[in-house]
1. Could you please find all residues in segment 328-345 being open to solvent by less than 70 Å² (accessible area, probe 1.4 Å) and in contact with a Lys or Arg (Cβ under 6 Å, 6 or more places away or on another chain)?
2. Identify all residues within segment 372-393 that are closer than 25 Å to residue 828 by Cα and either open to solvent by less than 40 Å² (accessible area, probe 1.4 Å) or not in a strand (DSSP E or B) (or both); write none if there are none.
3. Mind checking whether some residue in segment 479-486 is touching an Asp or Glu at 6+ places or on another chain (Cβ under 7 Å), open to solvent by less than 70 Å² (accessible area, probe 1.4 Å) and free of Cβ contacts under 8 Å to residues at least 40 places away in the same chain?
4. Yes or no: residue 553 open to solvent by 70 Å² or more (accessible area, probe 1.4 Å) and either modelled with pLDDT under 90 or not in a helix (DSSP H, G or I) (or both)?
5. Could you please give the count of residues in segment 694-710 that are crowded, with 16+ Cβ neighbours inside 10 Å and part of a loop (DSSP other than H, G, I, E, B)?
6. Can you tell me how many residues in segment 503-523 are open to solvent by less than 50 Å² (accessible area, probe 1.4 Å) and within 20 Å of residue 493 (Cα to Cα)?
7. Among the residues of segment 725-761, how many are of a type in the set (Val, Ile, Thr) and either at pLDDT below 90 or within 27 Å of residue 790 (Cα to Cα) (or both)?
8. Somewhere in segment 614-624, is a residue buried (at least 17 other Cβ atoms within 10 Å of the Cβ), in contact (Cβ under 8 Å) with a residue 12 or more places away in the chain and among the β-branched types (Val, Ile, Thr)?
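The values are calculated or read from the model by the stated rules, or taken from the named source; none is laboratory data. Remember, it's a predicted structure, so these values are computed and weren't measured experimentally. Cβ placement follows ideal geometry from the backbone for every residue including glycine, while neighbour counts extend to all protein chains displayed. Side chains included, ligands, DNA and RNA excluded: accessible areas come from the protein's heavy atoms. Shrake-Rupley method; radii C 1.70, N 1.55, O 1.52, S 1.80 Å.
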Amino acid sequence: MPVTPPTQTQQEQTAATRQVRLDLKTVIAPPAPDFTKGVEIPTAETPVLPVFDDKTLLGQIAAPPPPPSFPGMSTNGPELRMGVTPPGTVPAASNGQKGLALGDESLEQWNLAADRIIGEHGSEYVEAVGGATLVRGLNTLRADSIRYYQASRWVVLRGNVRVLWEGDVLEAQEAEFDLTSMQGWLKRGKIFIGKTNTHLETSFARKYGTSSYRFQDAKFTACDGEKPAWSFTAEEGDLDLEGRTKLWGSRFNIMDQPVLFAPFLSLPGSGKRQSGLLIPEISRSTQRGYSVNQAYYHVINEERDLTFYEYFMSKHGVMQGLEYRHSENSRTKGDWRLDFLHDSKIASKQSQEELYLQSDGLQRPNRNRWWLRSKYDGFVLEPEWTFKLDMDMVSDQNYLREFNSSSSGYDSSRRNFLKDFGRDIEVSDSLTRTSTAFLSRSWDKYGLTAKLAWVQNLSYMNGNGKASLNPTTQSLPEINAFVFKDALAGTPFDLEAAGRFNYFWRQYGTRGVRTDLHPTISLPLNWGPVTLIPSGGLRNTAYSVGGYTNEPSSTTTNKTPARTMYELGFTGFTEFSKVFQLGGGNLAATKENIGKSEWGAVRHSVMPRLEFAYVPAPKSQERLPYFDSLDRVTRQNKITYSLTNVFDRKRSSVVAGAGPAGTNATVPVASTDYLDFLRLRVEQSYDRDEAARTDELGIYAKRPFSDVMLEAIVRPEKFVSLTTRTYYSPYMYRPTEHENTLTLSKEKLGEIRFGYDYLYPLSEYTRKRTNDVQVLRVGADYQITEKLKVVTDYRHDIAGDTDLEKSAGLVWTDQCYELQLKYSRKPSDQSLELRFNLLDFGRP
């Protein structure tokens, strides 16, 4: 063996290294089996382990030639001690095991270590026995013995096999793998897939890809423990995290007890969206009877999917539903939904309806019932031309009140629209449904919008009112142009303007065109910290109608009437603040301070504001045709003053940051954040017209001052949030309106929700309210144990002494599933729902 004579220092450092020189012949080994063709390499069931003593070893190979004589080199019998490391070896393991590097030196090599390593003379493999380990990076193969075929890079593992490969853990009695592709097989083993927390126990499994296995006689689950909460057993199966998990001859088990059998099952196999049946929703209610809503989810491609619903209700029949979603890019997305029911129940007379449905005075004789709704965001030709579409059309006035629950009902649709698009739909008991198409484009100084709006009036459907007498106004189209506020060239003034064009159509009533122009000019004046902005505007509204139908007698007969009016106003405001140092906020970034925080300073800002608006609103506008509220501009002659206080805190914290790359260590990191933890606003108005009023003083006394509005928003920490708005009358010396919401939450304990809405009856010249409305809302979530949570909600009409809704539920959340049981009671219905969720099984 050609070596470079070491120095004396090197010889001393490696004097304890025992090296055995072997003359191994290169024999071409057969290629690794191709599992796509179902080929296996037969191996002995019980391999004969070699005897690793020096006599046997020397008898298997020729005696080594006399060692070369180099200065500093010593020999002792048949052993050769060298002060250098020959090619192909690695330093011995820390436990004294022998080490050997395997593979192409140009690639990252596998390092083999064991109690004994031997290569037979003329053999194509190397045998490692006794705690054998193959390591490359974070991937490890361990067994009692490992045989490595050098040409094919095939390894055979026997006894206590444990493989860690890219997050997967494999344990078996025996296994064989191709080190290049890591394809192979194992017997009588267990597999844990770390990406999805999937456990597989099988008599035989073949690994044919990354986290992909074919197996026989297996138990399959995502739950930890020897006795999982749920599992599947299968005669055969195919687990593919990039596709689907397929099971043949399968059973679904709860606590290892079979409850369902299926000859074939296909389950989602990865974080990618997968087609298949969703978990059914099971419920019972007094209105719908026994119900099962089964959905099938179908993936079209990465950007589109479909969901089909079969909703069985014992008291109504089967409702079919379809939902289509798509998102081609960051600017384009849509959600389109349609439900249809051939109802077994009708209400051709109002008396045949449920009591809670009789308040509208309408009947429902139709059996074919449906609801079409959608939201769409996109653009036309280029992204700057933004397009939005909202559709909301229903078959009758009762549909949304009767079918508001389930994943395809009104409540779920509304929540999803708000979450995904930020746009609401009309309340379920509204007698009108509005669909709009909206196009807009903005430039630096200008803006343009166009809208089509269709209003469906349910009072004129299903024989309730004659469709030919439907007076509902449709805007087809509405076009708005804007000039954004900007400095008027060569002057100290600012100019902004808006223009609107409408064509109004009615089935019964006046139709026509309206144009409205509204320029406004303002003059910003800065006097030190005070800003005053006087303004003046002009509004011109012109009409063109073909004739007047269904209008009051006071309406003009002029087919081209017009209105011109002016408006005046001013706004004045300022802001001043002071910072109060609290002495804290100087936490040192040490391990002892991790998780601690301190308030360092509080800033108090005060913002007074004064506004005046004067809009004369001539009485002559009463002779104009009426299409919408713009035709009757409300007169204003009002002064509004407000005072806003904002408290902003500065907080210093020490958090645990990521340590050096490749380690799990953490390091303390200092951080600073700011939060408006308290906002208080007081506002009141003074109506100059009411102060000068002379008519009906005997009935209504003058009340020029409005209610005092007090608003408070409190968020000192993430566990508490309070929003309250109260209106107090200076004449009745009492609150006339409340809007209060309080939320208290603590991690691992629960949440308390409180709300109170209040409206007091009013009888004034400028406002009237006959109903006394008091609604109390209380809700609580309590974490009884780490897994069991109680969820309750309660709404009560205090004025009417009526419970609006009472619901209570239990939620059991385990490591691999969630079970929900909910009871709800409303004046119109009582229901009990059961939902089971495998907690996104198959997702990384």
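1. 335, 337, 341, 343, listed by residue number.
2. Start the filter on segment 372-393 by keeping residues that are closer than 25 Å to residue 828 by Cα, which leaves 372-373, 392-393.
373, 392 - these are the residues of segment 372-393 that are closer than 25 Å to residue 828 by Cα and either open to solvent by less than 40 Å² (accessible area, probe 1.4 Å) or not in a strand (DSSP E or B) (or both).
3. Let us first name the residues in segment 479-486 that are touching an Asp or Glu at 6+ places or on another chain (Cβ under 7 Å), namely 483-486.
Okay, now just the ones that are also open to solvent by less than 70 Å² (accessible area, probe 1.4 Å), so 483, 486.
Retained after the next criterion (residues that are free of Cβ contacts under 8 Å to residues at least 40 places away in the same chain): 483.
Checked segment 479-486: at least one residue is touching an Asp or Glu at 6+ places or on another chain (Cβ under 7 Å), open to solvent by less than 70 Å² (accessible area, probe 1.4 Å) and free of Cβ contacts under 8 Å to residues at least 40 places away in the same chain.
4. Details: open to solvent by 70 Å² or more (accessible area, probe 1.4 Å): yes; either modelled with pLDDT under 90 or not in a helix (DSSP H, G or I) (or both): yes.
Judged against the criteria, residue 553 is a match.
5. 4
6. Taking segment 503-523 as the starting set, the residues that turn out to be open to solvent by less than 50 Å² (accessible area, probe 1.4 Å) are 504, 506, 509-510, 512-514, 516, 518, 520, 522-523.
With the extra rule that they be within 20 Å of residue 493 (Cα to Cα), the set shrinks to 518, 520, 522-523.
Of the residues in segment 503-523, 4 are open to solvent by less than 50 Å² (accessible area, probe 1.4 Å) and within 20 Å of residue 493 (Cα to Cα).
7. Of all residues in segment 725-761, those of a type in the set (Val, Ile, Thr) come to 726, 736, 741, 743, 752.
Restricting the remaining residues to those that are either at pLDDT below 90 or within 27 Å of residue 790 (Cα to Cα) (or both) gives 741, 743, 752.
Qualifying residue count for the region: 3.
8. Yes, segment 614-624 has at least one match.
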